[in-house]
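For reference, the structure discussed in these notes is given below.
The values are calculated or read from the model by the stated rules, or taken from the named source; none is laboratory data. Note that the structure is predicted; figures quoted are calculated from it, not measured. Positions of Cβ are generated from backbone atoms using ideal geometry, with glycine treated the same way; all protein chains shown enter the neighbour counts. Quick note on the areas: whole protein, heavy atoms, side chains included, nothing else; ligands and nucleic acids left out. Shrake-Rupley method; radii C 1.70, N 1.55, O 1.52, S 1.80 Å.
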Amino acid sequence: MLSADRDNFLEKYVDRKVDFDKRSCSECFHHYDLDRDSALSQSEFEGLLSDLFCDGGQPYPITSQVLSQFMELLDIDKDGKISKKEFMENSFYWLKQILQPVAALVIVDVQNDFLDGSLSLRNCPAGQDGNGVIPAINSVLDTVTFDLVVYTRDWHPEDHISFIENVDKRPLQTNSHKSQVPPKVLDTVVFEGPPVTEQKLWPSHCVQGSWGAEIHPDLKFVEGGVIVNKGMRSDVDSYSAFWDNNKLAETDLVRILSKHKVTDVYLCGVAYDVCVGSTGVHALEHGYRTILIEDAARGVNLDDISNMRKNLQEKGAVITNSSKVKDLVESVDRQVALGYQTAKNVALARRMVKEGMVKTKE
């Protein structure tokens, strides 16, 4: 591999004293184009990746597989190198998000009922104490500067479909193997609808305006924090803070994140395997780099927690702990997985623009 100057050229952008703009992107290309042929060979691009992906100055390994994955996404004409035109059109957005991300902390459902009330996690199969998320979340809020902090709340009407107390208010599918008589808490039933709705049953919780729906008083609420309510329709549950479970309606979360130009979503709260994880899946679908703070999350069922963790990682999320968040937010720790997620988003956006142009011509 050809070697650039060993001082990391990219570090000057991390402290944000220099904005990474189009001119910066051009300078970056010139710095790594060692043979001055107006293209980055795979060897030169590997040098860029080595500087880009590091933790406190210690580079992450750039394997041949990692190199080929990034080349596949950013080498548009597939000629085995990245021209300056390709670099300027695509890598600007890729590098900008990695070097100068905009971070939001989304604190999911840290409400009285889930910690000490009718649906306390202590009484769920995993036996985890939801109160355990509060010290980790407060520590992150005290030590990390986020561009936005969002607090989500289950905000259910009294006749909500998920409450076992309301199971007799809607007809069940009689031929459903998941219907049980009488159903119990945590059983899954299928309501006839319309629409047909599969629903896990929970005790009544987080009813609008109740003590149980309030954010736990020990959780720090920062100045400028934004509350997003979910699950407000009686006929459909809403685990995710983005969509209801049937994707019939969105919350305000995407609009709020877009307003603040957020690129990275950090997740914590309860329950790991239900609302936190579902929010993570939808964050990835919306193109956000997604990081779950694992020691600041608690769940309902150990097997479901494990499955959700695996699902999030397979989709591109990073699992971390609260002690690592500051370095991630400040781009001191720039992980390959997050950079790859960014490159996939850039490639997807390029493809969508191209398909839109084709449809317009048709």
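Can you go through 29, 92 and tell me which one is closer than 30 Å to residue 267 by Cβ and either among the β-branched types (Val, Ile, Thr) or in a helix (DSSP H, G or I) (or both)?
Result of the check over 29, 92: 92.
When you go through 74, 95, 48 one by one, which is the residue that is among the hydrophobic types (A, V, I, L, M, F, W, C) and either farther than 21 Å from residue 349 by Cα or open to solvent by 30 Å² or more (accessible area, probe 1.4 Å) (or both)?
48
Please specify each residue of region 263-297 satisfying the condition of being on the phi < 0 side of the Ramachandran plot and over 11 Å from the mean Cα position of the chain (by Cα).
270, 271, 272, 273, 274, 275, 294, 295, 296, 297
For region 104-123: of the residues being part of a loop (DSSP other than H, G, I, E, B) and among the small types (Gly, Ala, Ser), which is surrounded by the most Cβ atoms within 10 Å (Cβ to Cβ)?
117
Kindly provide the set of residues from region 124-176 that are outside any helix (DSSP H, G or I) and in contact with a Cys (Cβ under 8 Å, 6 or more places away or on another chain), ordered by number.
152, 153, 154, 155, 156
Only residues in region 327-349 that are at positive phi count as the first member; pair them with residues that are in a helix (DSSP H, G or I) and at pLDDT below 95, Cβ under 8 angstrom, at least 6 apart or cross-chain, and list the lot.
Hits for this filter: 331/14.
Is there a residue in region 262-272 that is at pLDDT 95 or above, open to solvent by 20 Å² or more (accessible area, probe 1.4 Å) and closer than 26 Å to residue 124 by Cα?
no
Taking region 199-233 only, how many residues are loosely packed, with under 15 Cβ neighbours inside 10 Å, not β-branched (Val, Ile, Thr) and not in a loop (DSSP other than H, G, I, E, B)?
1
Taking residue 296, is it in contact with a helix residue (DSSP H, G or I) (Cβ under 7 Å, 6 or more places away or on another chain), more than 24 Å from residue 62 (Cβ to Cβ) and surrounded by 20 or more Cβ atoms within 10 Å (Cβ to Cβ)?
Yes: the conditions hold for residue 296.
Specify which of the listed residues (278, 258) is touching a residue at least 24 places away in the same chain (Cβ under 8 Å), small (Gly, Ala, Ser), open to solvent by 10 Å² or more (accessible area, probe 1.4 Å) and part of a helix (DSSP H, G or I).
Step by step, each of 278, 258 is checked, and only 278 is touching a residue at least 24 places away in the same chain (Cβ under 8 Å), small (Gly, Ala, Ser), open to solvent by 10 Å² or more (accessible area, probe 1.4 Å) and part of a helix (DSSP H, G or I).
Any residue in region 320-333 that is of a type in the set (D, E, K, R) and at pLDDT below 95?
The answer is no; no qualifying residue exists.
Here's the yes/no breakdown for (1) open to solvent by less than 60 Å² (accessible area, probe 1.4 Å); (2) of a type in the set (Val, Ile, Thr); (3) closer than 25 Å to residue 53 by Cβ; (4) at pLDDT 95 or above:
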position	(1), (2), (3), (4)
283	yes, no, yes, yes
317	yes, no, yes, yes
350	no, no, yes, no
357	no, no, no, no
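Quick check on residue 101: is it within 30 Å of residue 261 (Cβ to Cβ) and either surrounded by 14 or more Cβ atoms within 10 Å (Cβ to Cβ) or among the acidic types (Asp, Glu) (or both)?
Considered against the rule, which asks whether it is within 30 Å of residue 261 (Cβ to Cβ) and either surrounded by 14 or more Cβ atoms within 10 Å (Cβ to Cβ) or among the acidic types (Asp, Glu) (or both), residue 101 comes out as yes.
Which pairs do you get when a residue that is free of Cβ contacts under 8 Å to residues at least 60 places away in the same chain, found in region 147-171, comes within reach of a residue that is aliphatic (A, V, I, L, M) and in a strand (DSSP E or B), reach meaning Cβ atoms under 7 angstrom, with the pair 6+ apart or on two chains?
Note: pairs meeting the criteria are 158/207; 167/189.
Those residues that are in contact (Cβ under 8 Å) with a residue 60 or more places away in the chain and either over 17 Å from residue 354 (Cβ atoms) or in a helix (DSSP H, G or I) (or both), I need them from region 68-85; list them, please.
Residues satisfying the conditions are 69, 70, 73, 74.
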